[in-house]
Amino acid sequence: MDQQQQHDVRHFDHCPWLFAEEAGEAQRVAQRERQRKIGGDSDVGERCYVAESAAVFPDRLRLGDDSYIAAHAYVTGELTTGTDCTLNPYATVRGTVTLGNGVRIGAHTSLLGFNHTMAPDRPVFQQPLISQGITIGDDVWIGSHVVVVDGVTIGDHCVIGAGAVVTKDLPAWTVAAGNPARPLRDRRGAEAAVAARGADPLSRFADNARAQAADILARCWDGDRYVDRPGATPTIRAHCDAVEIADLLLGSVPEQLTADEHRKRLCATQDPDAGLAPEFGEPLPTPDEDGFISDGPALYHILSVGYALDLLGLSFPHPIRGVQQMTARQLIARLDGLPWRDGAWGAGAWIDAWATAARWNMRHAGDDGAQPGALEALFGWLLTRADPWTGMWGTPSPETGRLQVVNGYYRLTRGSFAQFGLPVPHPERVVDAVLDHARDPRHFGSGRDNACNVLDVAHPLWLCTRQLGTGSRGDGYRMGDIRAWAERQLAAVLPRWHNGRGLGFGSGPAGPGPEPGLQGTEMWLAIIWYLADLLGRADALGYRPRGVHRPEPARSTTAASIAQ
């Protein structure tokens, strides 16, 4: 390569926006070869540029069209971008990071979508890594020398000033700066922002919920522990729901305890040998022959306690032994024996708990989460047994229709495909089956819906829509039907908010019932986000689920190896 060509490479590395118009054919060939040699599971869009001098070593890279990675940028982990995104010189992107469309990342800025735990029982260099991920919306400008830490979501149209350290979520249209970053103003201007928020029922709902969140949590504190609602028995789930609500609406921990006290109490629920968390006052459940349990509160606590600790910056202190030690052969035998014909909901819940336990186990040093080949066996079994006519598992019944199948699908895919960042099979057929179920008056008639049934439709529709796309004009597969259903559900649920008490689980006898409580409030807040996002209006809420109901994969670093 002669001196002029070397100069050209350096020039484009630092000014990659010039490459599309000014590069010669030899340079374009060299750039295609540069992109081809990127390691990991990589897919680079059209008219992209990746600097020769950039250190790009991803586990998974999805670089949208017309995007570039400039000189000396450092990229590891999992990066997904929309179109027209730029990482300017010396930018650092690590961990799990998702960018929308039209995002500008300034020079020397760091997006750190991972962290170390800080348990006092081992040196820092031996601490396991954790990742909640960073999500940045559309049309966002992040200035130079900014640091964005793990777990942060930055809404659409935000502008972050140079040198800021972003430690908390920022709603759409925010102009923020400082260390730690604080909102300075609304980018639309004060009058436009007030008018926009005042006219949007989602914004009014979210503002009202945030203003009352502390009172709702205080109402469900009996002086020592959390209860779902006043007069109820304290439960582990109630504590976890309190942590999730506080994180979602307040960006903090419930004020009844310090952050360290929350961590200690939740860590103490786990049995150090079995790795399970039985309900308060209940004995440790007896494992089945394969070493793991079949049902009961301890099964769901793998999700609720695990994600509450995740929001608090920790993980389970001990691995979940029954999952850690189960062989692929034992797992397949268990999957074959689950009650798919008459209990698909329970079967999906079991898979959700098993896969989530494997995800938590991965955080322990030297632990792959499960026995060699077990995760591959799980996804292989699921992919080969999905019904190609519905994309689901299980059998409908004359008594309940598709209820067991659809609700089981949500739980199953939440813990497996969604949590590990893998595409679901037959997404069009899933949309058809779910929308058909959503018309069943036995479960969605007046006075019969509840948080589980609505969530178990909303999440599969959202998951499949993300996979299928919404279409350039919002005309993706059955998007009209999906949005009409989401509009109806939002119109029904927003007026159900009880001031100072939150939302009830449902109007029927299922679950906790109609009395407002922590479980109903936590679930409906997440459901409202999914419904709003299906309509393209989630930014109006100013929050995004980060716990059990988070939309991003919670652990997908092994997705490439599982899919191979």
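No value in this document is a laboratory result; all are computed from the given coordinates. It should be emphasised that the depicted structure is a prediction, and the values quoted were computed from it without experimental measurement. Cβ placement follows ideal geometry from the backbone for every residue including glycine, while neighbour counts extend to all protein chains displayed.
What to note about this one:
- A viscosity of 0.890 mPa s and a temperature of 25 °C, combined with the Kirkwood radius over Cα pairs in Stokes-Einstein, give a translational diffusion coefficient for region 109-168 of 195 µm²/s.
- Two-site FRET efficiency, Asp336 against Arg439, from Cβ-Cβ distance with R₀ of 30 Å, rounded to 0.05: 0.40
- Amide H contacts under 5 Å for Ile293, placed H, 5+ residues apart: Asp288
- Convex hull volume per residue, computed on the Cα atoms of region 457-513, equals 112 Å³.
- With eigenvalues of the C-alpha gyration tensor scaled by 5 and rooted, region 147-293, Å: 38, 20, 14
- Using R0 = 41 Å, the C-beta based FRET efficiency linking Trp17 and Thr167 works out to 0.85.
- Computed E for Ala492/Leu250 - FRET, C-beta separation, R0 22 angstrom, nearest 0.05: 0.25
- Radius 12 Å from Cβ of Tyr49, net charge of other residues (Lys, Arg +1; Asp, Glu -1): -3
- Ordered from longest to shortest, the equivalent ellipsoid semi-axes for region 372-412 are 24, 11, 7 Å, each the square root of 5 times a Cα gyration tensor eigenvalue.
- Remark: region 3-193 is approximated by an ellipsoid whose semi-axes, taken from the C-alpha gyration tensor as √(5λ), come to 29, 22, 14 Å, largest first.
- Each label was represented as a point 7 Å from its Cα along the Cα-to-Cβ direction; for Asp121 and Ser397 these points are 4.3 nm apart.
- Each label was represented as a point 7 Å from its Cα along the Cα-to-Cβ direction; for Leu184 and Thr258 these points are 3.5 nm apart.
- When Rg and the Kirkwood radius Rh are both evaluated on Cα atoms of region 265-329, their ratio Rg/Rh stands at 0.96.
- Radius ratio Rg over Rh of region 62-157, counting only Cα atoms, Kirkwood formula for Rh: 1.02
- Debye-formula intensities of region 200-563, expressed as log10 I(q)/I(0) at q = 0.08, 0.13 Å⁻¹, are -0.37, -1.06 (one equal scatterer per alpha-carbon, no solvent).
- Kirkwood estimate for region 45-90, i.e. one over the average of 1/r between Cα atoms, Å: 10.3 Å
- The 3J(HN,Hα) values that the Karplus relation (6.51, -1.76, 1.60; θ = phi - 60°) gives for region 95-111 are, in residue order, x, 9, 9, 10, 10, x, 8, x, 9, 10, 10, x, 4, 6, 8, 10, 10 Hz. Gly and Pro appear as x.
- Relative to its residue count, region 246-404 spans a Cα convex hull of 150 Å³ per residue.
- Once the chain from Asp215 to Arg329 is taken as fully extended at 0.36 nm per residue, the excess over their C-alpha distance is 36.1 nm.
- Taking amide H as placed 1.01 Å from N in the peptide plane, Ser42 has its amide H under 5 Å from the amide H of Leu61, each at least 5 places away in sequence or on another chain.
- Separation in nanometres of the label points that stand 7 Å from Cα toward Cβ, at Glu46 and Thr286: 6.4 nm
- For region 77-127, the Rg and Dmax computed from alpha carbons only, in angstrom: 14.4, 45
- The convex hull around the C-alpha trace of region 445-540, projected and averaged over every direction, spans 6.3 square nanometres.
- Gain on full extension, evaluated as 0.36 nm per residue between Ser446 and Arg466 minus their Cα-Cα distance, stands at 4.2 nm.
- Percent RCO, i.e. relative contact order, over the chain, from Cα pairs under 8 Å lying at least 6 residues apart: 10 percent
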